[in-house]
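Derivation of every value follows stated rules applied to the coordinates shown; laboratory data play no part. Everything quoted here is computed from the prediction, not taken from an experiment. Cβ placement follows ideal geometry from the backbone for every residue including glycine, while neighbour counts extend to all protein chains displayed.
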Amino acid sequence: MRLHYDPENDSLHIYFAEKQCVDSREVHPNVNLDFDETGQLGGIAIWDASQIINWSRLEFESLRPSDQLDDYYGANQQEGAE
């Protein structure tokens, strides 16, 4: 997944795949869903993003497959203990 913010146009694009989108549907004022040639969701475009998004509260989380969670958190706890 890739995010791209264009301050000149105040637009935020969230790309889920590297495929080219060929169709776009407005689902809310200034919010479009973009679809690839197979109809799969390829991204989201948000226009006038600063009016919708609270940039001071933007957070990202990395979700890992559940079978890796124990290994991930165990390793981080051990690193913090050293």
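Within segment 27-42, name every residue whose backbone N is under 17 Å away from a label modeled 7 Å from Cα of residue 18 along the Cβ vector. Only 36-37, 42 pass the distance filter.
So, counting K/R as plus one and D/E as minus one, what does the shell of residues with Cβ under 9 Å around residue 13 add up to? Mind dumping the intermediate values first?
Values: positive: 2; negative: 6, 34.
With Lys, Arg at +1 and Asp, Glu at -1, the neighbours total -1.
In a fully extended conformation the segment linking residue 31 and residue 50 would gain 5.6 nm over its present Cα-Cα distance, using 0.36 nm per residue. For segment 8-41, GluC sites (Glu not before Pro) are listed when DSSP marks them as loop and at most 15 other Cβ atoms sit within 10 Å of their Cβ; the list is 8, 18, 37. One decimal place: the segment residue 58-residue 8 gains 16.1 nm when fully extended, by the rule 0.36 nm per residue minus the C-alpha distance.
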